[in-house]
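Some notes on the structure that comes next.
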Ligand SMILES: Nc1ncnc2c1ncn2[C@@H]1O[C@H](COP(=O)(O)OP(=O)(O)OP(=O)(O)O)[C@@H](O)[C@H]1O
Ligand SMILES: [Mg+2]
C-alpha cells in the first residue's frame, strides 16, 4: 500500500478523525422487552458518535485531532469538554442542536439503535488548517449519509489525498450502506480510493471485494479472526484473543479502529495494527456504550 517511507515515532504523528459527536443513552434491559408496558433496565448516558469514539480511544495512544460539529448547547459543551479531557485536539463547528442516539441492549448483548445525528450532519466546512500536520484521516461512512457533512467530508478526503495524508474509511453499518445504496457506496469508495477500509464481515460481504486498486480491506468478525485483504490479492489472518463476560458490543468497532490506526500510523504494519485493534476493542466489551470503565 502507499505507505510513507518516513519512519515515525508516536509523538511525531497526528491521527485525524472526522465524524459524529453525540450523546448516547444506553439502555441495558434486565428482562425481555414487552411492547406497550415497562421493562426493568439500567440506563446510562455516555459520550458517543462513531468518529468521536475513535478519537477518544486513540488519544491515549497517539496525538489525535477530532473534526466535527455539535450544537451550541450544553450537551455540545459537555461532549467537547469530555473529548478534550481525553486528550483530543478538538476542532468543532457549532450549529443546530447536539445529536443523541438511544441504544437498546438486550440481555444477550444484541443492540437496537435509534440514531438522531442532528448537528453531526451539519458540518459545512473543514478549514484546510484543520488538516495541517495530519498523517492519516479516518472517516466513518456515517459521515457520508446526509446533510452538509457528506459533501464537506468528501472534499476533506480529496484535500487530504492531495496532501499525502493517508485516508481510512469505516463501513459503519449494513443499514447505512443499504440506505446509501451499495452500488453508490462502491462508486464513492472507487472515487475516494482510501488507503484502508475497515468493515465487519457483514459489511464486507455486502460491499464485495476490491473497492479500489489502492485499498487494503480490514475485515473484522467479532471473536473470529480479523482478515486483512491487500490490494495485490494476498491476505493475512490475525486471531482475536478471547474476552470473558461480553455484555455490550457498542463501540467495539470504534475501539478496534482506534487501536488499529494508532498503531498503523506509527509502525505501518498491518498485523501489529490488528493486534493493537483487538486489545483496544477488548476494553469496551463489558462496559455500557463506547466506554471502558464497567457499568
Ligand atoms: N465476542 C467477542 N469476543 C472478543 N472480541 C470481540 C468480540 N466481539 C467483538 N470483539 C472485538 O471487537 C472487534 C470489532 O468487533 P466487530 O467485528 O463486532 O466489529 P463491528 O461490527 O464493526 O463493531 P461495531 O458494531 O462496534 O461497529 C473485533 O475485531 C474484536 O477485536
Ligand atoms: Mg463497525
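Going through 235, 212, 287, 272 one at a time, which residue ends up being within 23 Å of residue 108 (Cβ to Cβ), free of Cβ contacts under 8 Å to residues at least 60 places away in the same chain and more than 16 Å from ligand 2 (Cβ to nearest atom)?
None of the other options fit; the residue is 287.
With respect to the numbered conditions (1) part of a strand (DSSP E or B); (2) more than 12 Å from ligand 1 (Cβ to nearest atom), which one is the sole condition not fulfilled by residue 209?
Going through the list (1) part of a strand (DSSP E or B); (2) more than 12 Å from ligand 1 (Cβ to nearest atom), residue 209 breaks only (1).
Out of (1) buried (at least 24 other Cβ atoms within 10 Å of the Cβ); (2) at pLDDT below 95, the odd one out for residue 247 is which?
Only one criterion in (1) buried (at least 24 other Cβ atoms within 10 Å of the Cβ); (2) at pLDDT below 95 is unmet by residue 247, namely (1).
Residue-by-condition table, conditions (1) within 21 Å of residue 287 (Cβ to Cβ); (2) in contact with a strand residue (DSSP E or B) (Cβ under 8 Å, 6 or more places away or on another chain):
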| site | (1), (2) |
| --- | --- |
| 36 | no, no |
| 58 | yes, yes |
| 71 | no, yes |
| 79 | yes, yes |
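Provide a single number: the residues in segment 215-231 that are within 13 Å of ligand 2 (Cβ to nearest atom) and either assigned to a loop (DSSP other than H, G, I, E, B) or more than 17 Å from the chain's Cα centre (by Cα) (or both).
So the answer is 1.
Identify the single condition in (1) part of a loop (DSSP other than H, G, I, E, B); (2) touching a helix residue (DSSP H, G or I) at 6+ places or on another chain (Cβ under 9 Å) that residue 56 does not satisfy, given that it satisfies every other one.
Result: residue 56 fails condition (1) only.
Somewhere in segment 259-274, is a residue farther than 27 Å from residue 12 by Cβ, modelled with pLDDT of 95 or more, within 19 Å of the chain's Cα centre (by Cα) and surrounded by fewer than 24 Cβ atoms within 10 Å (Cβ to Cβ)?
To start, the set of residues in segment 259-274 that are farther than 27 Å from residue 12 by Cβ comprises none.
Checked against the condition, which is being farther than 27 Å from residue 12 by Cβ, modelled with pLDDT of 95 or more, within 19 Å of the chain's Cα centre (by Cα) and surrounded by fewer than 24 Cβ atoms within 10 Å (Cβ to Cβ), segment 259-274 yields no hits at all.
Residues that are surrounded by fewer than 21 Cβ atoms within 10 Å (Cβ to Cβ) and in contact (Cβ under 8 Å) with a residue 12 or more places away in the chain: which strands (runs of 3 or more DSSP E) entirely in segment 96-192 hold 1 or more of them?
Where strands (runs of 3 or more DSSP E) fall fully within segment 96-192 and carry at least 1 residues being surrounded by fewer than 21 Cβ atoms within 10 Å (Cβ to Cβ) and in contact (Cβ under 8 Å) with a residue 12 or more places away in the chain, they are 98-105, 111-118.
Mind telling me which of the residues 205, 210, 201 ends up being under 24 Å from residue 184 (Cα atoms), in contact with a strand residue (DSSP E or B) (Cβ under 6 Å, 6 or more places away or on another chain) and surrounded by fewer than 16 Cβ atoms within 10 Å (Cβ to Cβ)?
From the options 205, 210, 201, the qualifying one is 201.
All but one of (1) without any contact (Cβ under 8 Å) to a residue 24 or more places away in the chain; (2) under 24 Å from residue 79 (Cα atoms) hold for residue 256; state the number of the condition that does not hold.
Among (1) without any contact (Cβ under 8 Å) to a residue 24 or more places away in the chain; (2) under 24 Å from residue 79 (Cα atoms), the lone unmet condition for residue 256 is (1).
The values are calculated or read from the model by the stated rules, or taken from the named source; none is laboratory data. Bear in mind that the values here come from a model prediction, so they are computed numbers and not experimental data. Cβ: placed from backbone, ideal geometry, glycine included. Neighbour counts: every protein chain shown.
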